[in-house]
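Here is the structure we will look at.
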Amino acid sequence: MQKILSLLLLTVSLCFLSCFKKDTGCSYQNDTTLAPSAETQAVKNYLDSVGITATLHLGGFYYYVISSGSGNPPGVCSSVTVSYNGKLINGSVFDQQTDALFTLGGLIPGWKQGLPLISKGGEIKLFIPPSLGYGSVPVYDNGVIVIPANSILIFDIHLVNVQ
């Protein structure tokens, strides 16, 4: 009888433990930041002034997909390898990298919301308002401001790989 009771207890324990979600070690959550309408309008005004047609995302940034890629899009906990350049609306490039590896959840809100619109091998252009970028804080590199506060950011991104 004791063997049966032990076996029953073990079976119930295993069933109970199998109901728990495994810890993936990722503490990131999907980003739901919304840009204020004034910022979204400022991006639209810029796009109109340079004759670019782009799609408005619910988060308040604009984008257009150059190629969608294939496979599953990245999730917030995905490791992504990207080649990109980032510039301001005056055309000055503030950053560019080839085959840079990031965890999507650790990036700015505009990237967290924009990169899942494509899959591995895809390319996208993002037009990001300040609140989905670096906001009201200037970004410095060696004591020099490379991204002024409240800047609209433009990114050309090639999603090389998703893991």
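The values are calculated or read from the model by the stated rules, or taken from the named source; none is laboratory data. Being a predicted model, the structure only gives us computed values, none of them experimental. Here Cβ is always computed from backbone atoms with ideal geometry, including for glycine, and neighbour counts include all displayed protein chains.
Return yes when L101 is more than 11 Å from the chain's Cα centre (by Cα) and not charged (D, E, K, R) and no when it is not.
Taking the combined requirement at face value, the residue satisfies it.
Consider segment 74-84. How many of its residues are assigned to a strand (DSSP E or B) and surrounded by 15 or more Cβ atoms within 10 Å (Cβ to Cβ)?
5
Report the residue count in segment 47-95 for those that are of a type in the set (S, T, Y) and in contact (Cβ under 8 Å) with a residue 60 or more places away in the chain.
Looking only at that region, the number is 8.
Given the structure, is N150 more than 16 Å from the chain's Cα centre (by Cα), on the phi > 0 side of the Ramachandran plot and either surrounded by 16 or more Cβ atoms within 10 Å (Cβ to Cβ) or among the aromatic types (F, W, Y) (or both)?
It is true that N150 is more than 16 Å from the chain's Cα centre (by Cα), on the phi > 0 side of the Ramachandran plot and either surrounded by 16 or more Cβ atoms within 10 Å (Cβ to Cβ) or among the aromatic types (F, W, Y) (or both).
Could you check segment 58-67 and list, in sequence order, the residues that are of a type in the set (G, A, S) and either surrounded by 15 or more Cβ atoms within 10 Å (Cβ to Cβ) or more than 16 Å from I118 (Cβ to Cβ) (or both)?
Passing the criteria: G59, G60.
Would you check if there is a residue in segment 85-103 being at pLDDT 95 or above, in a loop (DSSP other than H, G, I, E, B), surrounded by 14 or more Cβ atoms within 10 Å (Cβ to Cβ) and in contact with a Leu (Cβ under 6 Å, 6 or more places away or on another chain)?
No.
Going through segment 113-147 one residue at a time, which ones are of a type in the set (S, T, Y) and either crowded, with 23+ Cβ neighbours inside 10 Å or over 12 Å from V65 (Cα atoms) (or both)?
Passing the criteria: S131, Y134, S136, Y140.
Which of (1) surrounded by 15 or more Cβ atoms within 10 Å (Cβ to Cβ); (2) more than 13 Å from the chain's Cα centre (by Cα); (3) free of Cβ contacts under 8 Å to residues at least 12 places away in the same chain is the odd one out, the single condition L107 does not satisfy?
For L107, the exception is condition (2).
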